[in-house]
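Q: Structure below; questions to follow.
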Amino acid sequence: MTKKALITGITGQDGSYLAELLLGKGYEVHGLIRRASTFNTSRIDHLYQDPHDPEAKLFLHYGDLSDGARLVTLLHEIDPDEVYNLAAQSHVRVSFDEPEHTGDTTGIGAMRLLEAVRMAGVNCRYYQASSSEMFGATPPPQNEETPFYPRSPYGAAKVYAYWVTRNYREGYGMFATNGILFNHESPRRGETFVTRKVTRAVARIQAGLDDYVYMGNLDAIRDWGYAPEYVEGMWRMLQADEPDDFVLATGGNFTVRDFVVTAFEHAGLDWEKHVKFDERYLRPTEVDALIGDASKAKDKLGWVPKVQTDELARIMVDADVELLKHEGRHWIDRPTLEDWPTFGTRA
Ligand code: NAP
Ligand code: G4F
């Protein structure tokens, strides 16, 4: 029988790759999308299927993690076998500007969805998109046993979502799993996360559209992997015999500066001529170092990432150079992040 999956956050980076993966495996995929004044489906437009086609396998539904009643109705109607909760206000810097909204969607939103599963009486497996940001100030290497010490409203909200997921597992016997994912990127990464900001800037500078990119803390260490591999790990977690919690990471150790150097060198550019410091990108509290130990996922799920951070940087630069060629006029007309005025902070 065809399996059904519901993905919240289907319009985001991970949601789009996960939808692709599940459609490829023959799933019927349902995605939760927010109503917006402009279309927000650009990452999944290539997956479009005519809903009147009897063979159609991808369906989108309006909804929001802030609207619990809507979630109950949808779960009742869809009756999914697997639910992937990927929706969140996912930007750490922005969470300092919007702490209440971040807590409401990234934290309490997970509880609303779990409670909706329970209230709708659906027998499904649940995946929670937990984050290495929960480790925050606890030094690396970090694994499933590492204590949490979140350093942002986002990290704190994810800790709440993590524990409520465990609580529904232990309290109601739900198959509810936390994937504790370290940073993962791709050409579909949002343009204000640091990797994409850098690779997009490299493409623009190489094309002569910009001279500089302005950045914050270059000393932070991150463990950056390749998003398509990580969504495959999410799926593996829900195929396991038992619900559990798993770290996904490469174990790599790259500073933001290392990523910058790799990306600029790949395009034949000297980064020191083009990267400037802007203190508005600094955060009130920083997470200095995240380096994951994914041994448990390797042992129990057979999950092993292949793409390391240097290759990832090159993949993303190549993709942004190509994008600029094909969407040249759009990129030229579109303001860069630095063009927009802000009060005090920048994302
Ligand atoms: P992303 O690109 O920012 O996508 C976030 C998705 O959530 C978008 O589809 C967004 O919809 C949706 N969303 C936001 N608020 C919502 C709400 N109130 N109700 C319903 N949908 C809402 O994030 P991502 O990188 O794909 O990450 C996926 C998940 O993994 C997130 O929960 C993130 O916090 C977590 N995570 C990510 C990483 C990483 O490195 N990428 C690492 C660890 C954990 P719109 O398109 O309408 O904005
Ligand atoms: O790319 P970032 O904004 O990602 P961050 O804060 O690590 O969060 C991402 O990964 C988490 C997993 O660990 C996810 F849960 C979360 O949803 C998100 O996907 O920043 C990475 C580092 C930070 O240390 C930041 O201070 O880059 C530093 N940085 C330096 N200059 C910058 C900039 N970050 C951004 N966004 N923009 C800059 O100009």
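Q: Look through the stretch 128-160, keep the residues that are of a type in the set (G, A, S) and without any contact (Cβ under 8 Å) to a residue 60 or more places away in the chain, and return whichever of them is surrounded by the fewest Cβ atoms within 10 Å (Cβ to Cβ).
A: A156
Q: Pick from R43, R34: which is under 30 Å from A347 (Cα atoms), within 9 Å of ligand 1 (Cβ to nearest atom), at pLDDT 95 or above and open to solvent by 70 Å² or more (accessible area, probe 1.4 Å)?
A: R34
Q: Which of the residues that make up the stretch 136-172 are over 21 Å from the mean Cα position of the chain (by Cα) and among the small types (G, A, S)?
A: G171
Q: Then there is this: Looking for whichever is away from ligand 2 (no atom under 13 Å from the Cβ) and aromatic (F, W, Y) here; the options are Y212, Y154, Y168. Which one fits?
A: Exactly one of Y212, Y154, Y168 is away from ligand 2 (no atom under 13 Å from the Cβ) and aromatic (F, W, Y), namely Y168.
Q: Additional query: Could you tell me how many of the residues in the stretch 46-61 are open to solvent by 50 Å² or more (accessible area, probe 1.4 Å) and in contact with a strand residue (DSSP E or B) (Cβ under 6 Å, 6 or more places away or on another chain)?
A: Residues in the stretch 46-61 being open to solvent by 50 Å² or more (accessible area, probe 1.4 Å) and in contact with a strand residue (DSSP E or B) (Cβ under 6 Å, 6 or more places away or on another chain): 4 in total.
Q: Okay, next question. Identify the residue in the stretch 80-104 that is within 10 Å of ligand 1 (Cβ to nearest atom) and out of contact with any helix residue (DSSP H, G or I) (no Cβ under 8 Å at 6 or more places or on another chain) and, among all such residues, is least open to solvent (accessible area, probe 1.4 Å).
A: Taking the candidates together, the pick is D104.
Q: List the number of the failed condition for D270; all other conditions in (1) open to solvent by less than 30 Å² (accessible area, probe 1.4 Å); (2) out of contact with any Leu (no Cβ under 8 Å at 6 or more places or on another chain) hold.
A: Status for D270: all satisfied but (1).
Q: Now a separate question. Identify all residues within the stretch 169-204 that are surrounded by fewer than 22 Cβ atoms within 10 Å (Cβ to Cβ), over 21 Å from E322 (Cβ atoms) and of a type outside the set (G, A, S); write none if there are none.
A: Selection gives R169, E170, Y172, M174, F175.
One line per residue, one yes/no per condition, for (1) in contact with a Phe, Trp or Tyr (Cβ under 8 Å, 6 or more places away or on another chain); (2) more than 13 Å from ligand 2 (Cβ to nearest atom):
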{"residue": "I108", "(1), (2)": "yes, yes"}
{"residue": "R112", "(1), (2)": "no, yes"}
{"residue": "V117", "(1), (2)": "yes, yes"}
{"residue": "A120", "(1), (2)": "no, yes"}
{"residue": "C124", "(1), (2)": "yes, yes"}
{"residue": "M134", "(1), (2)": "yes, no"}
{"residue": "Q142", "(1), (2)": "yes, no"}
{"residue": "E145", "(1), (2)": "no, yes"}
{"residue": "F148", "(1), (2)": "yes, no"}
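The values are calculated or read from the model by the stated rules, or taken from the named source; none is laboratory data. Quick caveat: nothing in here was measured; it's all calculated off a predicted structure. Note that we place each Cβ from the backbone using ideal geometry, even for glycine, and neighbour counts take in every protein chain shown. Side chains are part of the model used for accessible areas, which takes the heavy atoms of the whole protein and leaves out ligands, DNA and RNA. Shrake-Rupley method; radii C 1.70, N 1.55, O 1.52, S 1.80 Å.
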